[in-house]
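What follows is a short report on a single structure.
The values are calculated or read from the model by the stated rules, or taken from the named source; none is laboratory data. Because the structure is predicted, anything quoted here is derived from the model rather than measured. A quick note on method: Cβ atoms are made from the backbone with ideal geometry, for glycine too, and the neighbour counts reach across all protein chains shown.
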Amino acid sequence: MSDSRKLIEVKVERIIPASPEELFDGWLDSNIPGTTWNAAEKFILDAKVDGLFYWLLKGTAHYGRFTEMERPNKMQHTWVSPNTSGLESKVTLTFTKQGDSTLMSLVHSGLPDTPEARGHERGWNYFLGIYCEQFGSGSRAQYRFEDAHPEARKK
């Protein structure tokens, strides 16, 4: 029996004044705001092929397995959460040198076409915006969950 659910993809990009190596390594550093790991209330991160991650934010668990690590150009991992309706989706990050900067692309594919899953676009834009600030302006902005999820303020 085939699965006839419609799937969507979210793509977010930023040009960041840093090298691919700095951005690749920085993305895996839980001390840098803008990474999902920095925002975690609890997390486990084993950043290698077949390594697992577990990320808890506002009581919502996210988890997955790294499937590709090609430093400094690409990393890929699965992504499962209640917002994916429990389906395994895929996050692919690429880092492409552009002069003195890097084009950082994040593609989250295999998401169900639901309001919760479509919310990943807002979340990823928020995280990459903060991440870009860390290397661009050096502002070291503080992470605020409510900025990425205004509906959470109502709870």
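Quick notes on this one:
- Count of region 6-19 residues which are under 26 Å from Gly110 (Cα atoms) and not charged (D, E, K, R): 5
- Residue match in region 63-72 (condition: out of contact with any strand residue (DSSP E or B) (no Cβ under 8 Å at 6 or more places or on another chain) and of a type outside the set (Phe, Trp, Tyr)): yes
- Within region 19-41, considering residues that are in contact with a Ser or Thr (Cβ under 6 Å, 6 or more places away or on another chain) and either aliphatic (A, V, I, L, M) or crowded, with 19+ Cβ neighbours inside 10 Å (or both), the one farthest from Thr114 (Cα to Cα): Pro20
- Residues of region 1-42 classified as among the aromatic types (Phe, Trp, Tyr) and at pLDDT 90 or above, total: 2
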